[in-house]
Amino acid sequence: MYKTKLPILTAVLLFSSLIALAQQSAVIKGKVTISSGKAASQISITLKGKGIATMTDEKGEFVIKHVKAGTHTIKASAIGIRSTEKNISVNAGETQTIDFVLAENDEALQEVKIAAIKNKYKVSLPSATLRLNEPLLEAPQNIQIVSEQVLKDQQITSMSDGVIRNVSGAIRTQHWADMYANIKMRGSQIQAFRNGFNVVNSFWGPLTEDMSFVDHIEFVKGPAGFMLGSGDPSGLYNVVTKKPTGINKGEVSFTTGSYGLYRTTVDFDRKLTEDGKLLFRLNASGQNKKSHRDFEYNDRYSIAPVLSYQTGNTKFTAEYTLQRAKTSQVGSSYVFGVNGYGSLPVNLSQSDPLIPPTIINDQSITLNVQHRFDEHWKLTAQGAYYNYNMSGNSGWPSKINADGTIIRNIGIWDATSSMKLAQVFLNGNFNTGAVQHRILAGFDAGDKKYAADWNSSVNLDSDASPFNSEHPVYGTNPAAYTAFDIRRLTPLKERAIDAGGLIGSKYHSFYLQEELGFFNNKLRLTLAGRFTNIKEYSWGKSAEDPNKANQFSPRFGLSYSIDNNTSLYAVYDKAFIPQSGILRDGGKIKPVTGVNTEFGLKRDWLDGKVNTTLSFYRIVKQNELTGDPTDPKKIYSVVLGEKRVQGIEFDLRGEIVRGLQLIANYAYTDGKVTKANPDVESIKVGDVVPGFAKHTANSWLTYTVQNGLLQGAGISTGFSWQIDRVPGSWSRSDDKPLPNYFRLDGGLFWSKGNIKITGNVFNILNKYLYDGEIYNFGTVTAYAWQTEPLRNYRVGIAYKF
């Protein structure tokens with residue numbers, strides 16, 4: 001009896017003590033708004049010196065419990081806004097209400113929200129570098145954002161490492177392992193941007209960004225050129241790098257995995273002054289990485305310091321990024337055979353272990369200045385210098401025999417690139433009567449130069465002793481590994497002139513956009529125009545005699561909010577973008593022109609936690625270059641004529657229920673030649689655009705246990721599915737189409753306090769996966785493909801401090 005009464009009595013006394021304690025403490029609640037009356041979410045509410053803090057919810061409301069009686073100072077703050085403090089006196093057992101009105105505008109509030117959603121799959125606002133100054137739900141554009149949390153959960157290490165599964169219709173073909181992203185979408189290779197700058201300076205694109213310094217990635221679909229410069233009508237992706245947050249924090253992580261992966265990253269974020277005006281952030285990484293293919297590797301390191309300073313209404317941000325890569329030869333990921341795709345072992349390499357490594361140094365410096373005149377007007381100016389140097393080799397067969405044996409050829413590939421880029425743009429908003437105005441006006445300029453030497457090569461094999469992929473023998477021509485040493489004594493620019501490897505452009509653009517909001521901004525009409533002047537030379541053409549072009553590109557957009565969570569949009573845009581290539585007849589290369597028409601439906605669900613976007617588009621492009629189907633060495637290009645790409649895309653992302661995050665997408669892509677160049681016999685009207693799948697679908701589902709013994713643990717899974725794939729080249733002289741593609745991934749994770757452990761298994765079903773294309777070597781039809789690894793894993797541990 002005594003043993004029974006004792007725990008009951010203890011429980012009663014404990015419960016009574018808790019009630020007494022609650023009666024002795026106070027509660028403070030309130031709401032935070034901005035000057036326009038709009039609720040301010042994600043604002044930090046702190047009792048100074050007490051170690052008690054909370055955040056405002058979507059309605060701007062907050063509650064602080066267990067406050068001791070007495071006088072306190074309560075502070076409302078967030079990165080990028082002016083903090084506000086108030087004194088409050090509370091008595092034991094009472095509830096006090098205190099409200100804050102922040103002297104900020106809608107744009108500043110959007111930036112606060114962006115900084116607070118890093119642990120979310122759904123992002124509602126674009127970065128400032130997209131210049132839109134409005135929520136994605138209201139923009140007449142299909143924009144999908146891959147958040148930092150998604151990158152971490154999927155253990156993505158670079159821009160070419162699985163990012164595209166998170167965006168409908170995106171695909172990679174004809175790529176070179178982890179060197180260049182080469183992402184395609186809506187019928188074309190889309191443009192690569194970083195922090196709002198177009199950083200493409202050759203067909204291959206920039207070195208893939210290491211994710212250690214990437215905050216998130218914005219995929220802008222369709223008429224993307226207007227916002228950020230001359231752009232492809234198919235779209236672009238914009239890599240947004242990490243900036244100082246004003247919060248003293250940091251993270252160090254270590255990842256290991258299949259094929260000799262060892263990777264370490266460091267993120268160090270600090271206030272350098274007590275008032276938070278001078279901020280610093282450093283991100284760095286180091287990686288050793290081999291491949292499932294023999295003799296292939298990609299070792300690299302990166303360092304990215306950022307410094308920002310705020311004085312009054314002006315903010316300066318200076319950023320430096322260095323990436324250094326040591327990789328196997330360019331093209332080492334390709335395998336060639338005559339018996340169809342996938343007819344050779346998945347780990348086969350037609351490279352050679354004695355080929356010297358390719359060394360790449362990629363650097364950039366960016367200075368960004370933002371000045372806020374008042375709550376309605378903001379001016380942004382930024383300039384950047386990008387420098388890229390590469391010394392290495394590329395591999396490609398010089399001959400393929402009917403029995404499948406090949407003559408491997410190694411060519412020199414040294415390149416240098418420099419880009420000087422500048423932008424100035426003004427964002428404004430005001431009302432005239434019942435009409436709301438959003439103004440965007442700006443100027444872009446750029447000077448891009450690229451020089452490459454690929455004009456010397458040597459065979460690794462001979463006709464008498466060709467390379468047999470069934471019984472490979474390596475290291476047969478040791479002299480080949482030093483064949484280019486003497487040539488490299490000549491300056492690269494001279495070699496590039498000799499090789500026809502000079503590419504360059506100078507451009508400047510002026511643009512003006514106004515978005516008119518009617519009926520309390522429910523109906524939004526966008527009227528815009530851009531004028532671009534460009535001088536371009538490429539592939540041996542003299543820089544003193546460039547191609548010249550002027551183009552005016554109009555844009556019209558319409559967006560209507562059916563309710564606070566649903567909007568319809570339509571957009572019409574013309575695009576204009578320079579291109580480079582070599583025509584066999586030495587003809588001039590004209591810029592690509594294109595027209596995009598698109599309409600769609602956007603909706604937020606579950607109190608804004610989930611978003612869906614459904615879009616229908618049609619793109620018509622003229623003058624586009626494509627690889628010459630009769631040139632197996634991929635030197636020459638041909639003018640396609642005209643192609644039409646149309647399709648349907650659906651994206652879903654967000655938190656379905658507490659702890660359950662989902663990304664799912666589907667795309668139907670129909671691309672065909674509508675007008676064929678009569679000089680190109682191998683491409684006909686009605687031919688399907690290469691390198692795409694008619695149907696693509698992807699998903700990624702993550703569940704985190706919210707309570708109990710397993711709180712913080714979770715499971716994730718996802719798939720990628722491509723149906724009715726088309727080879728990556730125009731040549732279709734075969735009866736072996738690419739098979740459908742299906743890959744299943746999944747993993748487990750656990751987090752507690754400052755530690756998180758994540759493990760993923762990729763290609764769980766252990767399938768032989770690849771993409772491919774066809775080349776004609778004389779009378780021999782050769783299949784070229786790039787394999788993905790069989791079942792493989794990654795395990796990482798991260799510690800926050």
Going by C-beta contacts inside 10 Å, put ASP745, ASP153, ASP453 in order with the fewest on the left.
ASP745, ASP153, ASP453
Hey, got the dipole for the stretch 249-800? About the Cα centre, +1 on K and R Cβ, -1 on D and E Cβ, debye to the nearest 20?
1120
Dipole of the chain (Lys/Arg Cβ +1, Asp/Glu Cβ -1, origin at the Cα centre): which of GLY500, GLY395, ASN763 lies farthest to the positive side?
ASN763
Near the amide H of TYR180, under 5 Å away, which other amide H atoms are found, from residues 5 or more places off or on another chain, if H is placed in the peptide plane?
THR208
In nm, what is the difference between 0.36 nm times the number of residues separating ASN339 and ALA381 and their Cα-Cα distance?
9.5 nm
With a cap of 15 neighbouring Cβ atoms within 10 Å, and only residues DSSP puts in a loop, list the trypsin sites (Lys or Arg not before Pro) found in the stretch 178-281.
LYS277
Among PHE425, PHE552, which comes first, then next, by fewest other beta-carbon atoms within 10 Å?
PHE552, PHE425
What is the antiparallel percent of DSSP beta bridges lying wholly in the chain, to the nearest 5?
95
Which ordering of ILE757, ILE407 is given by a fewest-first count of other beta-carbon atoms within 10 Å?
ILE757, ILE407
From the alpha carbon gyration tensor of the stretch 119-261, can you work out the equivalent ellipsoid semi-axes (sqrt of 5 times each eigenvalue) and give them in Å, largest to smallest?
23, 20, 14
No solvent, one uniform scatterer per C-alpha: report log10 I(q)/I(0) for the stretch 260-350 via the Debye equation at q = 0.12 1/Å, two decimals.
-0.59
How compact and how long is the stretch 24-104, expressed as Rg and Dmax of its alpha-carbon atoms in Å?
12.1, 38
Using a Förster radius of 51 Å, what is the FRET efficiency between ASN550 and LYS752 based on their Cβ-Cβ separation? Nearest 0.05, please.
0.25
The stretch 478-558, relative contact order in percent, only Cα pairs under 8 angstrom and at least six apart counted:
28
Residue-span extension gain [LEU348 to ASN431] - 0.36 nm each, minus C-alpha spacing
23.4 nm
With angles folded into 0 to 90 degrees, how steeply does helix 106-116 sit against the dominant principal axis of the chain? Use alpha carbons for both and round to 10.
80
Which lysines, on any chain, are close to LYS684 with Cα under 17 Å apart, when same-chain ones fewer than 8 places away are left out?
LYS621, LYS643, LYS672, LYS675
What is the chain's relative contact order, in percent, from Cα pairs under 8 angstrom and six or more apart in sequence?
9
Which of VAL90, ILE43, THR54, positive extreme of dipole for the stretch 24-104 (C-beta unit charges):
VAL90
What does the extension gain come out to for ARG618 and THR779, with contour length at 0.36 nm per residue minus their alpha carbon separation?
54.2 nm
Here FRET efficiency (C-beta to C-beta, ASN565 to LYS326, R₀ 51 Å, nearest 0.05) is 0.55
Using R₀ = 45 Å, calculate the FRET efficiency as 1/(1 + (r/R₀)^6) where r is the Cβ-Cβ separation of HIS508 and LYS694; round to 0.05.
0.65
What is the diffusion coefficient of the stretch 249-800 in µm²/s, taking the Kirkwood radius over Cα pairs and the Stokes-Einstein relation at 37 °C with a viscosity of 0.692 mPa s?
120
Cα convex hull volume per residue for the stretch 126-182, in Å³, equals 112
Set Lys and Arg Cβ to +1 and Asp and Glu Cβ to -1, take the dipole of the chain about its Cα centre, and tell me which of ILE486, GLY778, ALA181 lies farthest positive.
ALA181
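We did not get these values from a lab; they are worked out from the coordinates using the rules stated. As the structure is a prediction and not an experimental result, all values here were calculated from the model. FYI the Cβ positions are ideal-geometry reconstructions off the backbone, even for glycines, and counts take in every protein chain you see.
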